[in-house]
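Below: one structure, written as structure tokens.
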Amino acid sequence: MHEPEFLAALFALMAQAVGKPAPVNDVIEQITGHPARTYAQWAADHRADFGG
């Protein structure tokens, strides 16, 4: 597949997800033994990585 066709297919696939929430599961907890952090928790934990 040439690049323009690939990009068109990728964007079409991404467009199908607009307005549809991502499924939620407990895979992280199954793997790590503790619940996943929220994005806000992750951002707070990594504030220094972004100069904050």
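Our estimate of slack between I31 and A44, defined as 0.36 nm per intervening residue step minus the Cα-Cα distance, is 2.4 nm.
Placing unit charges on the Cβ atoms only, positive for Lys and Arg and negative for Asp and Glu, gives the chain a dipole magnitude near 180 debye about its Cα centre. Counting only alpha carbon atoms, the long axis of helix 3-16 and the longest principal axis of the chain meet at about 60°.
Only helices enter this figure: runs of n ≥ 4 DSSP H residues, each worth -39500 (n - 2.57), summed and divided by the residues of the chain, yield -14500 deg cm²/dmol at 222 nm to the nearest 500. Listed values for the range 29-38 are Karplus-derived 3J(HN,Hα) couplings in whole Hz (6.51 cos²θ - 1.76 cosθ + 1.60, θ = phi - 60°), namely 5, 4, 7, 9, x, 9, x, 5, 7, 6, and x replaces Gly and Pro. The largest-to-smallest principal axis extents of the Cα set in the chain are 40, 32, 22 Å.
Read the figures in this text as sums done on the coordinates, not as results from a lab. All of these numbers come straight from a predicted model, not from anything done at the bench. Using ideal geometry, Cβ is built from the backbone for each residue, glycine included, and neighbour counts are taken over all protein chains shown.
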